[in-house]
Amino acid sequence: MRKPNLSNTKHTKVLAPAKDLATLEAELAEQENSVENNLEDTVLRLSDYLSAVDMVIKQTFNHRVWVKAEIRNLSSKGGHYYFELAEKDDDGKVIASCRGNLWRFKAARVLAKFERATGMPLDRDLTVLLKVSAGFHAQYGFSLTIEDIDPSYTLGDLARQYAEMVDRLAGEGLLNLNQQLPTPFDIEHVLVIAPEKAAGLGDFQADANRLASTGACHFHYHNATFQGNHAPAEIRQAIISAQQQFENTYQRLPDLLVIIRGGGAVGDLAYLNDYELAALVAEQPVPVWVGIGHERDKVILDEVAHTSFDTPSKVIAAIMAHLAQLVTQTLQYQMQIKQAAQRQLNTAEQQTARQLSQIQSQTIGQLTALQKDSAYAWRSIQQSAHRQVKQAARQASQLHIQTQASAYQQLSLASTYSKNHQKIIMQSAQQQLIQAKRDSAHLRDIVLLHRPSRVLKQGYSMLTDEQDQRILTSSNQLYPEQTIHIVLKDGKAKAQIIDVYVDDKTPESANASS
């Protein structure tokens, strides 16, 4: 509802009575005493007594005054309007009430002027400033005849009530409470509160149905009356029942609560300026988006809602824009993830190629060194064998020369001994040569068996740090939430350490303990 401009509100007009209150009370008391003395022993008919009352009222209150009152009820018949007027104290208790009549020959002009100035029809629960005259009828009792209604006073009173409502909500921490909730990341389920078959609801559903057909968003509609004195209570009940029904079905809260209705008369929107309704909206656990009326219309729900829109069409447009932005961001994230993954794959391939080249170079170097060592050992054995053979020959020749002079009998024995000793030496040399060949072959097999590629093919894996700069071989190199790489025979995997358990029985642990 549009807030009335208080600066243009007229001051309350109260016409001074013809006589001051003290004089009037004194005259009435004097007349009462005179009448009481004259009629003390007189018996009157009811009609005569009421006629006397009518005469007193007409004589005493024969002028028009401005009276402030609240309309408790209003009805019309045959062009006449019948009011129930009241005054309440600060606690809301009625302290005065009477009937009022606005006759047909003035009603059209007075009501048209009021509606034209305030933008709303005259209705119950409004506080109005009435120009009245007192009247009494012996059959129908006391009533006020309404001559005019000052619309500027009602505008000022509505503005005052609106301002008081805003101040109360702010003082209780409710005015910005719902606005503090974050906008949902994904809008999947939306509760919609709207008048049944309203034009604004139709505009909303035209786009909402197309969005729902894609499966991107689901709308749950609940109806309530948005005008009349019972509108706030119906809307509150619709919000509460809608939330309960959704939670019972989905065991979760909806992503968004939407309250919408199309534009209308300012008086129709005024019914939504209800404190209890505003407080309920402010305390909702999910963001509340409101689309009520047109740009110039504003109600208290616009003050407390998470986001306020001019029309229902703008609400659904905002939902569609939010989802479109979410899809765009998702596609961007997908592309970024894909690019990052590709970069990591390229880096891993390059690192793997470098490591494989290093392993091959190291293996070739080790094999070359082992071959050189084997060849050196073989030459050493051959040289040693030749030296031993030469030495044995020399010894045999010397023994032959020494024994040749001694005796032919010993010559045969020496010859036999020499041959046997030579045979033993040759066998020993051959055995050493065979053992050297075996050791060389064994060393070569060990080297080949321990190639990283062969070890990985046998089902083993190798752990490296996140940068693949070092190989992890001990539990002391691991810690929780550490990122590692598991190298397998056909690729590698990225993992994260959850926990580390150290085996106290391992030799490393025993050495560390000592």
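The values are calculated or read from the model by the stated rules, or taken from the named source; none is laboratory data. In this text, all values refer to a predicted model and were calculated from it rather than measured experimentally. Methodologically, a virtual Cβ is constructed for each residue, glycine included, from the backbone with ideal geometry; neighbour enumeration extends over all protein chains shown. SASA here: full protein model, heavy atoms, side chains in, ligands and nucleic acids out. Shrake-Rupley method; radii C 1.70, N 1.55, O 1.52, S 1.80 Å.
Applying the set (1) more than 28 Å from ALA270 (Cα to Cα); (2) without any contact (Cβ under 8 Å) to a residue 60 or more places away in the chain; (3) in contact with a Lys or Arg (Cβ under 8 Å, 6 or more places away or on another chain) to PHE105 leaves exactly one unmet item: (3).
If you take the residues in the range 288-307 that are closer than 14 Å to ASN273 by Cβ and part of a strand (DSSP E or B), which one is modelled with the highest pLDDT? I'd like the intermediate steps shown before the answer.
Of the residues in the range 288-307, the ones closer than 14 Å to ASN273 by Cβ are 290, 292-293, 297-305.
Those still in the list that are part of a strand (DSSP E or B) too: 290, 292.
On the way: VAL290: 92, ILE292: 84.
Among them, the one singled out is VAL290.
Considering each residue of the range 252-269 in turn, none proves to be within 18 Å of LEU158 (Cα to Cα), at pLDDT 90 or above and open to solvent by less than 20 Å² (accessible area, probe 1.4 Å).
Pairs meeting the criteria (first residue in the range 460-487 and at negative phi, second residue in a strand (DSSP E or B) and loosely packed, with under 11 Cβ neighbours inside 10 Å, beta carbons under 8 Å, at least 6 apart or on different chains) are GLN482/GLN496; THR483/GLN496; ILE484/GLN496; HIS485/ALA493; ILE486/ALA493. If you check every pair at least six apart or on different chains, which have Cβ atoms under 6 Å apart with a residue in the range 317-336 that is hydroxyl-bearing (Ser, Thr, Tyr) first and a residue that is not in a helix (DSSP H, G or I) second? Sorted first by the residue in the range 317-336, then by its partner, the list stays empty.
Here's the yes/no breakdown for (1) loosely packed, with under 10 Cβ neighbours inside 10 Å; (2) touching a Gly at 6+ places or on another chain (Cβ under 8 Å); (3) part of a strand (DSSP E or B); (4) modelled with pLDDT of 85 or more:
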residue	(1), (2), (3), (4)
ASN33	no, no, no, no
VAL43	yes, no, no, no
TRP66	no, no, yes, no
SER76	no, no, yes, yes
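Please indicate, with yes or no, whether at least one residue in the range 407-426 is under 30 Å from LEU448 (Cβ atoms), open to solvent by 50 Å² or more (accessible area, probe 1.4 Å) and either at pLDDT 85 or above or among the charged types (D, E, K, R) (or both). No - not one qualifying residue is present in the range 407-426.
Selection of the range 428-463 for residues being within 18 Å of ILE486 (Cβ to Cβ), modelled with pLDDT of 80 or more and open to solvent by less than 80 Å² (accessible area, probe 1.4 Å) yields SER461, MET462, LEU463.
Of all the residues in the range 100-118, those that are aromatic (Phe, Trp, Tyr), touching a helix residue (DSSP H, G or I) at 6+ places or on another chain (Cβ under 8 Å) and surrounded by fewer than 15 Cβ atoms within 10 Å (Cβ to Cβ) number 0. Evaluate the following for ALA163: is it open to solvent by less than 50 Å² (accessible area, probe 1.4 Å), part of a strand (DSSP E or B) and either closer than 23 Å to GLY228 by Cα or basic (Lys, Arg) (or both)? Taking the combined requirement at face value, the residue does not satisfy it. Is it the case that some residue within the range 309-320 is in a strand (DSSP E or B) and open to solvent by 10 Å² or more (accessible area, probe 1.4 Å)? Checking the range 309-320: at least one residue is in a strand (DSSP E or B) and open to solvent by 10 Å² or more (accessible area, probe 1.4 Å).
Go through the residues of the range 349-362 one by one and say whether even a single one is modelled with pLDDT under 85, more than 24 Å from SER453 (Cα to Cα) and either surrounded by fewer than 10 Cβ atoms within 10 Å (Cβ to Cβ) or of a type outside the set (D, E, K, R) (or both). No, the range 349-362 has no match at all.
With the requirement that a residue be in a strand (DSSP E or B), β-branched (Val, Ile, Thr) and modelled with pLDDT of 90 or more, what does the range 484-514 give you? Step through it out loud before you land on a result.
Looking only at the range 484-514, we keep the residues that are in a strand (DSSP E or B), and these are 484-488, 491-496.
Narrowing further to those that are β-branched (Val, Ile, Thr): 484, 486-487.
Across the range 484-514, the qualifying residues are ILE484, ILE486.
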